[in-house]
Amino acid sequence: MDSHITIFDTTLRDGEQSPGYSMNKQEKVQLALQLEKLGVDVIEAGFPIASDGDYETVREIGKIVKKSSVAALCRTRYVDLERAVSAVELAAKPRIHTFIATSDIHLKYKLQKSREEVLESAVKAVEFAKSYYDDVEFSAEDASRSDPEYLIEIFTAVIEAGATTINVPDTVGYALPWEYGELIKTLNENIPNIDQATISVHCHNDLGLAVANSLMAVRNGARQIECTVNGIGERAGNASLEEVVMAIETRKNNMAYTTGINTKEIFSSSQLLAQITGKGVQPNKAIVGENAFAHEAGIHQHGVLKNPLTYEIMTPESVGLTCNRIVIGKHSGRFALGKKLEELGYFLNKEDLNQIYNEVTKLADKQKVVEDKDLISIMANTNYSKKNPDNSFVAG
Ligand code: KIV
Ligand code: ZN
């Protein structure tokens with residue numbers, strides 16, 4: 001089985017559905033260009049039926065993005081499909097992504113349709129999309145709470161109708177990793193024409209399991225992961241692109257998969273999204289949070305300064321950061337303080353360092369973090385006047 005994982009980015013569609021994250025056309029175009037640079041295989045640019053603005057944005061992204069496929073989302077209704085088909089007509093690599101719910105709870109309360117009606121609607125939508133483009137994705141919304149037998153039936157039918165990707169969303173973030181893995185395995189083993197399509201996964205993070213579920217799906221035969229930068233998306237968000245990709249990169253020894261992502265563009269993509277939306281990233285967010293590569297505890301700092309592998313499983317450089325961050329606080333030791341002072345140009349002998357260390361720990365007791373400017377001010381108030389490497393005790 002192919003080991004390449006297609007990265008389908010839905011920051012501009014599902015991501016934008018998170019409250020407070022709406023973006024205008026120019027912002028979305030800017031982000032789409034960054035996503036292309038990041039190397040995502042598919043950019044889901046929007047939901048063209050939702051508004052004229054969304055339609056125009058998808059069109060514009062289709063016009064300018066050349067390397068990534070550009071997908072437009074639509075329900076299985078003809079008005080939706082026509083709008084989506086038209087929105088990606090200028091794209092170098094257009095994809096139509098059509099969806100309908102398949103769980104009994106959605107059929108009964110939301111769609112008021114029978115399973116037969118839903119299946120017919122899905123097949124007709126895929127046939128319609130296929131009459132325009134080769135690349136057609138079908139999603140069974142709320143798949144993780146749908147009857148697997150019914151999923152086998154509907155996925156078989158849409159592949160027969162021309163779907164090249166079948167997506168198995170955990171729409172409400174309810175699945176557990178082993179359950180979800182089992183579902184993907186069942187589909188992979190029982191859909192008779194599955195060799196003609198790629199299995200995709202789209203996991204929401206309501207229980208904090210979106211990344212784990214996506215990886216479990218890959219282990220069981222999925223080859224496309226739908227995800228977003230910074231993990232944004234409906235409610236608790238979607239699987240985070242940077243976490244999925246760096247898990248695959250970092251644990252190559254356990255998972256022999258590849259992606260086309262240029263990981264060095266991860267940090268700038270995250271920052272661009274935060275800057276555009278005005279929503280910062282939580283400090284302890286894996287991979288891209290400001291503390292993801294920061295060390296405050298003395299023991300950790302000592303280890304990292306001697307050899308980063310002691311406390312870092314991946315390098316900050318690999319995600320586009322220039323260095324790890326040694327934070328001086330009340331847990332820091334003399335070794336890290338000496339290194340930090342060297343970075344600032346002060347090379348202290350043992351005696352001076354002890355004296356400064358006492359000053360710094362007093363300050364660290366009062367405030368959480370001792371900033372560079374605090375260190376400079378402490379140094380200015382001592383009789384240490386020269387920046388002299390020959391004086392150095394701590395550099396080793
Ligand atoms: O969560 C979901 O089910 C979706 C589909 C439209 C793919 O976002
Ligand atoms: Zn979703």
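A few points about this structure:
- Where a residue in the stretch 254-266 is at negative phi and its partner, wherever it lies, is among the charged types (D, E, K, R) and part of a helix (DSSP H, G or I), with Cβ under 7 Å and at least six apart: THR263/GLU249; GLU265/LYS37; ILE266/GLU242
- Only residues that are touching a Lys or Arg at 6+ places or on another chain (Cβ under 7 Å), in contact (Cβ under 8 Å) with a residue 60 or more places away in the chain and crowded, with 19+ Cβ neighbours inside 10 Å were counted in the stretch 1-20, giving 2.
- In the stretch 277-336, the qualifying residues are those that are touching a strand residue (DSSP E or B) at 6+ places or on another chain (Cβ under 6 Å) and of a type in the set (Gly, Ala, Ser), and the one that is farthest from ASP352 (Cα to Cα) is ALA294.
- Per-region count, the stretch 316-360, residues more than 30 Å from ASN262 (Cβ to Cβ), among the polar types (S, T, N, Q) and not in a helix (DSSP H, G or I): 2
- Set LEU363, LEU341: member being closer than 25 Å to PRO308 by Cβ, modelled with pLDDT of 90 or more and of a type outside the set (Lys, Arg): LEU341
- If you go through the stretch 94-147 and keep only what is in a helix (DSSP H, G or I) and free of Cβ contacts under 8 Å to residues at least 24 places away in the same chain, you end up with LEU107, LYS108, TYR109, LYS110, LEU111, GLU116, GLU117, GLU120.
- Residue within the stretch 169-190 that is under 23 Å from TYR21 (Cβ atoms), charged (D, E, K, R) and in the same structural domain as SER22 (by TED's automatic domain parsing) present: yes
Table: residues versus (1) touching a Gly at 6+ places or on another chain (Cβ under 7 Å); (2) assigned to a loop (DSSP other than H, G, I, E, B); (3) among the polar types (S, T, N, Q).
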position: ILE225; (1), (2), (3): no, no, no
position: ALA256; (1), (2), (3): no, yes, no
position: GLY260; (1), (2), (3): yes, yes, no
position: ILE266; (1), (2), (3): yes, no, no
position: LEU273; (1), (2), (3): no, no, no
position: GLN282; (1), (2), (3): yes, yes, yes
position: GLN301; (1), (2), (3): yes, no, yes
position: MET314; (1), (2), (3): no, yes, no
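- If you go through the stretch 112-129 and keep only what is among the aliphatic types (A, V, I, L, M) and within 11 Å of THR102 (Cα to Cα), you end up with VAL118, LEU119, ALA122.
- Any hit, the stretch 198-221, residues being surrounded by 23 or more Cβ atoms within 10 Å (Cβ to Cβ), part of a loop (DSSP other than H, G, I, E, B) and among the aliphatic types (A, V, I, L, M): no
- Residue list for the stretch 142-181, filter: charged (D, E, K, R), within 14 Å of ligand 1 (Cβ to nearest atom) and farther than 20 Å from THR6 by Cα: ASP142, ARG145
- Residue list for the stretch 1-21, filter: within 16 Å of ligand 2 (Cβ to nearest atom), within 16 Å of THR277 (Cβ to Cβ) and not charged (D, E, K, R): THR10, THR11, LEU12, GLY15, GLN17, SER18, PRO19, TYR21
- If only residues of the stretch 211-230 that are touching an Asp or Glu at 6+ places or on another chain (Cβ under 7 Å) and within 12 Å of ligand 2 (Cβ to nearest atom) are counted, the one that is farthest from ILE191 (Cα to Cα) is THR228.
The values are calculated or read from the model by the stated rules, or taken from the named source; none is laboratory data. Nothing here was measured: the structure is a model prediction, and the numbers come from that model. FYI the Cβ positions are ideal-geometry reconstructions off the backbone, even for glycines, and counts take in every protein chain you see.
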